[in-house]
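Each value in this text was obtained by applying a stated rule to the coordinates, not by laboratory testing. Nothing here was measured: the structure is a model prediction, and the numbers come from that model. Cβ coordinates were reconstructed from backbone atoms using ideal geometry, including for glycine residues, and neighbour counts include every protein chain displayed.
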Amino acid sequence: MNFLKGTKIYSIMTGSCPVCQQESMYQVSNPYKLNETLKMHERCSHCETKYKIEPSFFYGAMYVSYPVGIIFAVSAFLIGYFLLKLNLVATFLLIAATMIISLPIILRLSRNIWINFFMHYNKEKKLS
Ligand SMILES: [Zn+2]
């Protein structure tokens, strides 16, 4: 992953601060601790970036979660139907299970993508 540092992909995949990429935005690294999936630090301790730019900033991530969810669903379909050669009902169940199981990941990915629309990597930004 380290070779991607400085790119938006790195911040999106790791959930790290979009500006300095030095630390995670999330308080708990495991997204499957369900009551803490979306708990985030208020600011980055390295560059003091405030993640929540404005109140309810992350509601916008809902728009992102839709296409992200579709990517997961289509992947599940392709794997189930073409790779595992399941019938349509089994494929449908696989898609449903995939969506439920990957929901915490989809939620975080959506937030990471959303915040990366607004913030950009800046190596120079450090605590003064
Ligand atoms: Zn930072």
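The mean sequence distance of close C-alpha pairs (under 8 Å, at least 6 residues apart), as a share of the length of the chain, puts its relative contact order at 34 percent.
Comparing Trp114, Ser56, Thr98 along the charge dipole axis of segment 1-115, the residue lying farthest to the positive side is Thr98, per the Cβ-charge model. For His41, the residues whose modelled amide H falls within less than 5 Å of its own, excluding neighbours fewer than 5 places apart on the same chain, are Tyr26, Gln27.
Distances between placed amide hydrogens fall under 5 Å for Ser16 paired with Met25, all partners being 5 or more residues away or on another chain.
Highest-first packing order for the peptide set 60-66, 96-102, 107-113 is 107-113, 60-66, 96-102, based on the mean count of other beta carbon atoms within 10 Å.
Taking a straight line from the alpha carbon of Lys50, these lysines sit under 30 Å away, with near neighbours fewer than eight places off in the same chain left out: Lys5, Lys8, Lys33, Lys39, Lys123, Lys125, Lys126. For Lys125, nonlocal amide neighbours, meaning residues 5 or more places apart or on other chains whose placed amide H falls under 5 Å from its own, do not occur. In the chain, inverting the average of 1/r over every pair of distinct C-alpha atoms gives 15.8 Å as the Kirkwood radius.
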